[in-house]
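Colleague: Quick one: the structure is below, and I'll ask about it shortly.
What follows is calculated from the coordinates using simple rules that are stated; it is not laboratory data. The shown structure was predicted, so the numbers you read here are calculated from the model rather than taken from an experiment. With ideal geometry, Cβ positions are generated from the backbone for all residues, glycine too; neighbour counts draw on all protein chains shown.
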Amino acid sequence: MQDQMKLALIQSDLVWEDPKANRKQFKEKIETIKGEVDLIVLPEMFTTAFTMNADAVAETMDGKTVSWMQKVAQETNAAVMGSIIIEDNKSYYNRLLFVEPSGDVVSYDKRHTFTLAGEDKVFSKGDKKVIIEYKGWKICPQVCYDLRFPVWVRNVEDYDVLIYVANWPKPRIFAWDTLLKARAIENMCYCVGVNRVGLDDAQNEYCGNSEVYDVLGNAISKLKPNRDMVDVVTLERNHINFYRNKLKFLEDKDVFTLQ
């Protein structure tokens with residue numbers, strides 16, 4: 001079990017519906033990371049941007065991007081995570097992939113498809129909350145619109161880190177900032193949000209605002225809005241343990257069952 005976990009957060013523009021170009025640019029960004037890290041976090045739909053043209057760009061679990069992620073994880077000795085468009089059993093999913101250096105893949109299908117953009121009409125939604133155990137840390141992976149639904153991620157599993165990958169547009173960025181902080185405070189965990197920057201082909205503008213909040217809701221990342229950047233952030237287990245033992249808020253949580 002590690003007392004620290006180092007995360008490399010990559011806040012980037014995305015090339016519209018061009019997986020090859022996006023894999024190339026992320027490989028170049030990953031190569032700029034100095035020192036060893038445990039986990040590299042990429043945005044939502046990092047190979048295509050947030051497109052509804054799933055039939056044109058969907059991949060399979062044995063496709064090029066999964067193989068690319070496995071290769072990068074092996075070469076860097078770090079897990080790599082981000083969501084891509086996956087076709088599985090004749091359905092499309094906005095699927096977050098967590099790929100370990102061993103090549104093992106854990107996946108989470110976005111639970112809340114974004115109805116405002118018609119995502120629900122193209123993609124099937126997931127029905128399983130996933131907790132990833134990696135290097136002694138428990139990680140809860142989520143995708144973009146999931147951020148608006150706190151009941152779905154209520155910390156009943158005592159996870160340590162909540163991670164959202166996103167294409168969250170600039171006009172609603174205040175909600176992004178506020179909800180990320182709230183998820184950290186209410187779940188007494190680190191909450192990580194990695195969002196894209198730039199303008200997509202649907203003329204949606206993104207300003208990033210990627211951030212890491214600690215258990216008390218303090219921002220600890222050095223990423224800047226509207227900039228293509230990589231930042232390495234160190235999470236401390238002692239920080240989680242100290243405040244959970246001192247404040248004990250999670251001991252008063254409600255017990256419930258989702259239908």
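Colleague: Just checking, which of Q70, Q2 is surrounded by fewer than 23 Cβ atoms within 10 Å (Cβ to Cβ), within 28 Å of K222 (Cβ to Cβ) and either among the polar types (S, T, N, Q) or touching a residue at least 60 places away in the same chain (Cβ under 8 Å) (or both)?
Modeller: Working: Q70 fails: within 28 Å of K222 (Cβ to Cβ).
After applying the criteria, what remains is Q2.
Colleague: Taking N195 and the conditions (1) among the polar types (S, T, N, Q); (2) out of contact with any Gly (no Cβ under 6 Å at 6 or more places or on another chain); (3) closer than 30 Å to K27 by Cα, which numbered condition does it fall short on, given that it satisfies the others?
Modeller: (2)
Colleague: Moving on. Looking at G63, G35, which is the one that is within 21 Å of V161 (Cβ to Cβ) and more than 19 Å from the chain's Cα centre (by Cα)?
Modeller: Working: G63 fails: within 21 Å of V161 (Cβ to Cβ).
Of the residues listed, the single one that is within 21 Å of V161 (Cβ to Cβ) and more than 19 Å from the chain's Cα centre (by Cα) is G35.
Colleague: Return yes when T60 is closer than 19 Å to E100 by Cα, surrounded by fewer than 16 Cβ atoms within 10 Å (Cβ to Cβ) and of a type in the set (V, I, T) and no when it is not.
Modeller: Details: closer than 19 Å to E100 by Cα: yes; surrounded by fewer than 16 Cβ atoms within 10 Å (Cβ to Cβ): yes; of a type in the set (V, I, T): yes.
Yes: the conditions hold for T60.
Colleague: Cβ-Cβ under 7 Å, sequence separation 6+ or interchain: first residue in the range 190-212 and more than 9 Å from W168 (Cβ to Cβ), partner acidic (D, E). Which pairs?
Modeller: Note: pairs meeting the criteria are Y190/D160; Y190/D214; V197/D13; V197/D228; G198/D13; L199/E205.
Colleague: Within the range 150-167, identify whether any single residue is free of Cβ contacts under 8 Å to residues at least 24 places away in the same chain, in a helix (DSSP H, G or I), under 23 Å from L9 (Cα atoms) and not basic (K, R), and answer yes or no.
Modeller: At the first step, the residues of the range 150-167 found to be free of Cβ contacts under 8 Å to residues at least 24 places away in the same chain are none.
Looking for residues that are free of Cβ contacts under 8 Å to residues at least 24 places away in the same chain, in a helix (DSSP H, G or I), under 23 Å from L9 (Cα atoms) and not basic (K, R), one finds none in the range 150-167, hence no.
Colleague: Kindly provide the set of residues from the range 127-143 that are in contact with a Phe, Trp or Tyr (Cβ under 6 Å, 6 or more places away or on another chain) and within 14 Å of C191 (Cβ to Cβ), ordered by number.
Modeller: Here is the first cut: in the range 127-143, the residues in contact with a Phe, Trp or Tyr (Cβ under 6 Å, 6 or more places away or on another chain) are 130-132, 138, 140-142.
If the condition is that a residue be in contact with a Phe, Trp or Tyr (Cβ under 6 Å, 6 or more places away or on another chain) and within 14 Å of C191 (Cβ to Cβ), then K138, C140, P141, Q142 are the ones that fit.
Colleague: Moving on. So, M45, is that one on the phi > 0 side of the Ramachandran plot, buried (at least 21 other Cβ atoms within 10 Å of the Cβ) and either out of contact with any His (no Cβ under 9 Å at 6 or more places or on another chain) or of a type outside the set (A, V, I, L, M) (or both) or not? Give the steps one after another, and end with the answer.
Modeller: Working: on the phi > 0 side of the Ramachandran plot: yes; buried (at least 21 other Cβ atoms within 10 Å of the Cβ): yes; either out of contact with any His (no Cβ under 9 Å at 6 or more places or on another chain) or of a type outside the set (A, V, I, L, M) (or both): yes.
Against the criterion (on the phi > 0 side of the Ramachandran plot, buried (at least 21 other Cβ atoms within 10 Å of the Cβ) and either out of contact with any His (no Cβ under 9 Å at 6 or more places or on another chain) or of a type outside the set (A, V, I, L, M) (or both)), M45 qualifies.
Colleague: Can you report the number of residues in the range 205-246 which are in a helix (DSSP H, G or I) and surrounded by 13 or more Cβ atoms within 10 Å (Cβ to Cβ)?
Modeller: Restricting attention to the range 205-246, the residues satisfying the condition of being in a helix (DSSP H, G or I) are 237-246.
Now restrict to residues that are surrounded by 13 or more Cβ atoms within 10 Å (Cβ to Cβ): 237, 239-241, 243-244.
So the answer is 6.
Colleague: How many residues does the range 175-204 hold that are assigned to a loop (DSSP other than H, G, I, E, B) and basic (K, R)? So that I can check it myself, show each step before the final result.
Modeller: Restricting attention to the range 175-204, the residues satisfying the condition of being assigned to a loop (DSSP other than H, G, I, E, B) are 188-189, 196, 200-204.
Applying the additional criterion that residues be basic (K, R) yields 196.
Qualifying residue count for the region: 1.
Colleague: From the list A117, A49, A54, A58, pick out the single residue that is touching a residue at least 40 places away in the same chain (Cβ under 8 Å), in contact with a strand residue (DSSP E or B) (Cβ under 8 Å, 6 or more places away or on another chain) and among the small types (G, A, S).
Modeller: A54
Colleague: Among the numbered conditions (1) over 28 Å from E205 (Cα atoms); (2) surrounded by 14 or more Cβ atoms within 10 Å (Cβ to Cβ); (3) touching a residue at least 40 places away in the same chain (Cβ under 8 Å), tell me where N77 comes up short.
Modeller: Here N77 clears every test but (2).
Colleague: Further question on the same structure: Assess whether A182 counts as being surrounded by 14 or more Cβ atoms within 10 Å (Cβ to Cβ), touching a Pro at 6+ places or on another chain (Cβ under 9 Å), among the small types (G, A, S) and on the phi < 0 side of the Ramachandran plot.
Modeller: Values: surrounded by 14 or more Cβ atoms within 10 Å (Cβ to Cβ): yes; touching a Pro at 6+ places or on another chain (Cβ under 9 Å): yes; among the small types (G, A, S): yes; on the phi < 0 side of the Ramachandran plot: yes.
Here the answer is yes, as A182 does meet what is asked.
Colleague: Does the range 131-179 hold any residues that are surrounded by 14 or more Cβ atoms within 10 Å (Cβ to Cβ), under 16 Å from L39 (Cβ atoms) and either basic (K, R) or in contact with a His (Cβ under 6 Å, 6 or more places away or on another chain) (or both), and which are they?
Modeller: The one that is surrounded by 14 or more Cβ atoms within 10 Å (Cβ to Cβ), under 16 Å from L39 (Cβ atoms) and either basic (K, R) or in contact with a His (Cβ under 6 Å, 6 or more places away or on another chain) (or both): K138.
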